[in-house]
Amino acid sequence: DVAQELPTPYHQTKFEAELLVRTATGLRYRIYRPAVVVGDSRTGEIDKIDGPYYFFGLLAKLATLPRV
């Protein structure tokens with residue numbers, strides 16, 4: 001978190017969002033940084049179903065399952 005070069009406002013906002021998550025008390029988290037994230041801006045649907053696209057869709061479905 002020290003002396004990082006954040007060349008654009010986009011990079012700055014990503015850094016600040018991750019900082020909020022990391023410093024939240026009692027919050028369990030994982031931060032994923034895929035190179036490209038695409039999908040419909042309203043539904044999240046995507047044409048491509050391989051690689052990270054499929055993985056993140058699967059994570060969303062797993063999050064809806066009851067914990068045991």
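Nearest 10 degrees is fine. How inclined is helix 9-23 to the longest principal axis of the chain, computing both from alpha carbons?
The helix 9-23 is inclined about 80 degrees to the chain.
Can you give the calculated 222 nm mean residue ellipticity of the chain, where each DSSP H run of n ≥ 4 adds -39,500 (n - 2.57) and the sum is split over every residue, rounded to the nearest 500 deg cm²/dmol?
Helix contribution divided over all residues of the chain: -13500 deg cm²/dmol.
If I stretch the segment between residue 58 and residue 32 completely, what's the gain in nm (0.36 nm per residue apart, minus their alpha carbon distance), one decimal?
Gain on stretching residue 58 to residue 32: 8.0 nm.
Round to the nearest 10 and give me the degree value, 0 to 90, for the angle of helix 51-63's Cα axis relative to the longest principal axis of the chain.
Computed tilt is about 80 degrees.
The numbers here are math on the coordinates, done by the rules we state, and not lab data. Quick caveat, the model's predicted, so the values are computed rather than measured.
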